[in-house]
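> One structure coming up, written as structure tokens, with questions to follow.
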Amino acid sequence: MAGSFKTEAIVLRSIRFGEADRVLHLFSASRGRIGAIAKGSRRPRSRFGGRLEPFFRLDMMLHEGRGELSTVTAASTLAGHARLRENGPALNAAARACDAVLRLCDAAEPNPPAYNLLCRYLGLLDGESEADGGPIAPAADLATGLAFRLKLALAAGFSPELGSCARCGEGEGLAGFSGAAGGVVCQACEGGSFELSDEGHEFMVEALGRPLSEAPQASDRALRQVERAITEVLEHHAHVHLRSAA
């Protein structure tokens with residue numbers, strides 16, 4: 001229905017359009033994914049300033065017309081994440097997170113768990129970034145990034161089966177992981193699976209059960225197994241291929 005509406009939203013992607021406009025991919029608290037155009041936003045004296053860049057969390061007013069894109073009529077900053085932008089690892093982690101949300105949460109309907117998760121992750125990256133470009137921010141490490149992806153997969157309805165064999169339901173003798181089956185598999189069903197170590201399995205279980213700020217740690221080998229598991233589940237069941245989490 002045409003008309004104006006207000007929503008809180010995070011800018012996932014901002015694309016230059018024409019001579020002075022921007023096309024935005026937004027993830028909103030109340031409407032899910034929104035495509036929008038901000039007319040004149042690239043002019044030097046635009047009322048939007050620089051707040052229509054990725055990672056900004058905004059309080060927005062938009063007008064929904066007959067076209068596919070809503071028009072941004074007002075935007076005020078709720079969180080700009082300035083420190084995040086000054087730290088390379090945190091900036092890259094934020095870009096991968098927004099890209100994952102862009103690919104996985106493409107419906108025009110609200111998904112509060114996914115929205116709150118992205119808000120929390122960007123906040124962690126911003127709060128723990130080092131503006132002087134020093135050591136990698138704790139929240140930008142691979143373990144936290146994979147914990148974010150696991151929680152996002154859960155919020156999107158594609159969480160892997162970790163408690164019992166995804167093919168037959170057997171709870172003992174779990175021997176591998178199958179993206180096609182959607183989770184861990186037992187020895188009798190392990191055809192086509194790959195090795196998921198006990199450490200990798202434990203990481204996935206704990207990552208889903210802990211707050212994002214308390215993501216577990218694991219060896220590089222285990223984390224690579226976890227990344228492969230998440231990637232294959234989403235490719236087979238969500239038909240989505242995510243960028244490498246590294």
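Values quoted throughout were computed directly from the atomic coordinates according to the rules given, and no laboratory measurement underlies them. Source: prediction; values computed, not measured. Here Cβ is always computed from backbone atoms with ideal geometry, including for glycine, and neighbour counts include all displayed protein chains.
> Which listed residue (Val184, Ala36, Cys98) has the Cα farthest towards the positive end of the charge dipole for the chain, taking +1 on Lys and Arg C-beta and -1 on Asp and Glu C-beta about the Cα centre?
Ala36
> Suppose we flag trypsin sites (Lys or Arg not before Pro) only when DSSP calls them loop and at most 15 other Cβ atoms lie within 10 Å. Which is the longest uninterrupted stretch of the chain?
No qualifying site falls inside 67-242, the longest such stretch.
> Another question, then. Charges only on Cβ, +1 for Lys and Arg, -1 for Asp and Glu: so what's the dipole of the range 158-246 about the Cα centre, in debye to the nearest 20?
300 debye
> Moving on. Compute the long axis of helix 88-104 from its Cα atoms, compare it with the longest principal axis of the Cα atoms of the chain, and write down the angle in degrees, 0 to 90, nearest 10.
80 degrees
> Counting Lys and Arg as +1 and Asp and Glu as -1, what is the net charge of the other residues whose Cβ lies under 12 Å from the Cβ of Ala108?
-2
> Taking the Cβ of Arg13 as the centre, find all other residues whose Cβ is under 12 Å away and add up their charges (Lys, Arg: +1; Asp, Glu: -1).
It works out to a net charge of +2.
> Just going by the charge dipole of the range 1-127, with Lys and Arg at +1 and Asp and Glu at -1 on Cβ, which of Thr77, Asn87, Ala20 is farthest out on the positive end?
Value: Ala20.
> Cβ under 12 Å from Ala175's Cβ, Ala175 left aside: what net charge do those residues give with Lys, Arg +1 and Asp, Glu -1?
-4
> Looking at the chain, identify the longest residue range that excludes and avoids all GluC sites (Glu not before Pro) in DSSP loops having at most 13 other Cβ atoms within 10 Å.
After excluding every exposed loop site, the longest remaining stretch is 69-171.
> Okay, moving on. At 222 nm, what helix-only mean residue ellipticity would the chain give, in deg cm²/dmol to the nearest 500, using -39500 (n - 2.57) for each DSSP H run of four or more?
That comes out to -10000 deg cm²/dmol.
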